[in-house]
Amino acid sequence: MDLVLRAIALFAFMYLLTRVMGRRELSTLEPFDLILLIVLGDSIQQGLTQDDYSVTGAVIAVGTIAVLQLIVSYSSFRFRWARSFLNGDPIVLIQDGEVIERNIKRERITREELAEQARGQQIASLGDVQWAVFEPSGAISFIPKK
Amino acid sequence: MADVPDMLVLKRDRDLEGRLNDIWVRRSLMTLIAAVPVIALFNVFGQRPDSTTLVSPEASLKIYAPSHLRGGLIFQARFHVTAREDIKDAYIVLGPGWAEGMTINTIEPSPVSEASNNGRISLELGHIPAGQSYILFTDFQVNPTNVAFGRRQTVWLTDGKTRLITYEREINVYP
């Protein structure tokens with residue numbers, strides 16, 4: 001029973017953490033982020049299974065996390081309000097070549113970073129962008145002007 | 001104005017209608033999360049030991065042990081008895097809270113005898129001459145499923161059946 005409760009608590013904590021940290025932090029995977037990810041996984045594992053080395057323990061922990069992930073995924077599919085809460089909504093960053101300052105500040109994105117992302121999608125100038133949307137996944141989608 | 005991409009709702013996704021306070025909710029929650037390690041720096045979640053000394057006309061007892069612990073931690077409790085008068089047959093008696101949900105790894109030096117004293121753990125130290133000290137080291141590990149808030153850990157120092165010092169302490173064990 002303890003293992004299931006620990007898995008639920010840690011899943012909820014990790015989910016909350018990823019939601020409140022902001023999607024920007026999660027959208028890039030620099031070398032340091034990769035190291036952090038491994039350290040994070042290791043720290044979580046110790047709190048989750050502690051001194052339980054059994055196959056049963058592993059099945060319970062993984063099974064609980066899988067079920068929770070399924071619940072989150074289904075809720076977000078089924079209910080609009082849950083989708084906003086669990087995944088977040090997109091945010092428009094550029095419309096008609098005009099950067100929406102309030103929205104980029106809110107997501108801690110600079111114009112330079114926005115331009116860098118645009119260049120990555122073969123767009124030379126932000127003025128050529130019809131729409132730029134900061135997606136719930138953390139990616140920025142650019143739709144160029146026709 | 002060019003066509004709005006599918007599924008985008010400008011009021012919600014551009015003007016952030018109904019979402020303006022979201023950022024403050026996010027910041028508040030992040031502050032709460034950040035507060036946990038800050039609080040931990042003040043030993044709220046263990047495991048730094050604290051020290052208490054009790055004195056009676058016959059002896060003094062110094063207990064050095066953590067009062068905040070977490071599941072799985074290995075820790076030591078030290079009982080330092082100093083005889084101010086000759087103690088013929090000293091005993092350290094530990095209340096059941098000391099062993100509840102704990103693994104006792106070792107007790108050094110090994111007591112002369114170990115017994116149950118009405119459900120308590122009675123450790124016989126033997127004779128301690130006046131002016132001499134006896135330090136008893138006990139090493140524990142918190143069992144992973146052990147959770148406790150305000151669990152009593154009483155310690156008695158006795159000479160035979162005569163109580164010399166009684167100390168009531170409490171521990172918190174976080175999951």
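The single condition among (1) under 23 Å from residue A:16 (Cα atoms); (2) in contact (Cβ under 8 Å) with a residue 24 or more places away in the chain; (3) surrounded by 15 or more Cβ atoms within 10 Å (Cβ to Cβ) that residue A:130 does not satisfy is (1).
Name the single residue that is nearest to the chain's Cα centre (by Cα) among those in segment B:54-86 being of a type in the set (Lys, Arg) and within 20 Å of residue B:124 (Cα to Cα). Break it down into steps so the answer makes sense when it comes.
Within segment B:54-86, the first condition is being of a type in the set (Lys, Arg), and the residues that meet it are B:62, B:70, B:78, B:84.
Filter once more, so that each one left must be within 20 Å of residue B:124 (Cα to Cα): B:62, B:78, B:84.
Working: B:62: 16, B:78: 13, B:84: 29 Å.
So the residue we want is B:78.
Let's see how each residue does on (1) surrounded by fewer than 16 Cβ atoms within 10 Å (Cβ to Cβ); (2) in contact with a strand residue (DSSP E or B) (Cβ under 7 Å, 6 or more places away or on another chain):
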{"position": "B:20", "(1), (2)": "yes, no"}
{"position": "B:58", "(1), (2)": "no, yes"}
{"position": "B:64", "(1), (2)": "no, yes"}
{"position": "B:75", "(1), (2)": "no, yes"}
{"position": "B:79", "(1), (2)": "no, yes"}
{"position": "B:82", "(1), (2)": "no, yes"}
{"position": "B:93", "(1), (2)": "no, yes"}
{"position": "B:108", "(1), (2)": "yes, yes"}
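I need the full set of residues from segment B:110-126 which are of a type in the set (S, T, N, Q) and surrounded by fewer than 14 Cβ atoms within 10 Å (Cβ to Cβ), in order please. Within segment B:110-126, B:110, B:113, B:116, B:118 meet the criteria. The number of residues in segment B:64-77 being part of a strand (DSSP E or B) and either touching a Leu at 6+ places or on another chain (Cβ under 7 Å) or among the aliphatic types (A, V, I, L, M) (or both) comes to 5.
Of the residues B:89, B:50, the single one that is within 15 Å of the chain's Cα centre (by Cα) and among the acidic types (Asp, Glu) is B:50. What do you reckon, is residue B:44 under 30 Å from residue A:21 (Cα atoms) and in a helix (DSSP H, G or I)? Here the answer is no, as residue B:44 does not meet what is asked.
Assigned to a loop (DSSP other than H, G, I, E, B), surrounded by fewer than 16 Cβ atoms within 10 Å (Cβ to Cβ) and not charged (D, E, K, R): does that describe residue B:131? Considered against the rule, which asks whether it is assigned to a loop (DSSP other than H, G, I, E, B), surrounded by fewer than 16 Cβ atoms within 10 Å (Cβ to Cβ) and not charged (D, E, K, R), residue B:131 comes out as yes.
The set of residues from segment A:96-110 being more than 11 Å from chain B (Cβ to nearest Cβ), loosely packed, with under 12 Cβ neighbours inside 10 Å and assigned to a helix (DSSP H, G or I) comprises just one member, A:101. Identify, please: which residue in segment A:135-146 is part of a strand (DSSP E or B), within 24 Å of the chain's Cα centre (by Cα) and more than 9 Å from chain B (Cβ to nearest Cβ) and is, among those, farthest from residue A:98 (Cα to Cα)? Ranking the candidates gives A:140 first.
Taking residue A:36, is it exposed (fewer than 15 other Cβ atoms within 10 Å of the Cβ) and either of a type in the set (Val, Ile, Thr) or not in a helix (DSSP H, G or I) (or both)? Against the criterion (exposed (fewer than 15 other Cβ atoms within 10 Å of the Cβ) and either of a type in the set (Val, Ile, Thr) or not in a helix (DSSP H, G or I) (or both)), residue A:36 does not qualify.
Of the residues contained in segment B:120-128, one or more are found to be assigned to a strand (DSSP E or B), within 30 Å of residue A:50 (Cα to Cα), in contact with a Phe, Trp or Tyr (Cβ under 7 Å, 6 or more places away or on another chain) and among the aliphatic types (A, V, I, L, M). Looking across segment B:28-68, just one residue is in contact (Cβ under 8 Å) with a residue 40 or more places away in the chain and within 14 Å of chain A (Cβ to nearest Cβ), and that is B:45.
Charged (D, E, K, R) and surrounded by 12 or more Cβ atoms within 10 Å (Cβ to Cβ), is that true of residue A:113? Criteria met by residue A:113.
Please enumerate the residues belonging to segment A:47-62 that are in a helix (DSSP H, G or I), surrounded by 11 or more Cβ atoms within 10 Å (Cβ to Cβ) and free of Cβ contacts under 8 Å to residues at least 12 places away in the same chain. Walk me through it before giving the result.
Going residue by residue through segment A:47-62, those that are in a helix (DSSP H, G or I) are A:47-49, A:55-62.
Right, trim to surrounded by 11 or more Cβ atoms within 10 Å (Cβ to Cβ) and you get A:47-49, A:57-62.
Listed by number, the residues that qualify are A:58, A:59, A:62.
Restricting the first member to segment B:146-171 and to residues that are farther than 30 Å from residue B:86 by Cβ, and the second to residues that are of a type in the set (Ser, Thr, Tyr), the beta-carbon pairs closer than 6 Å and six or more apart or on different chains are B:171/B:67.
Where a number appears in this text, it was derived from the coordinates with a stated rule and is not lab data. These numbers were taken from a predicted model, which means no experiment stands behind them. Methodologically, a virtual Cβ is constructed for each residue, glycine included, from the backbone with ideal geometry; neighbour enumeration extends over all protein chains shown.
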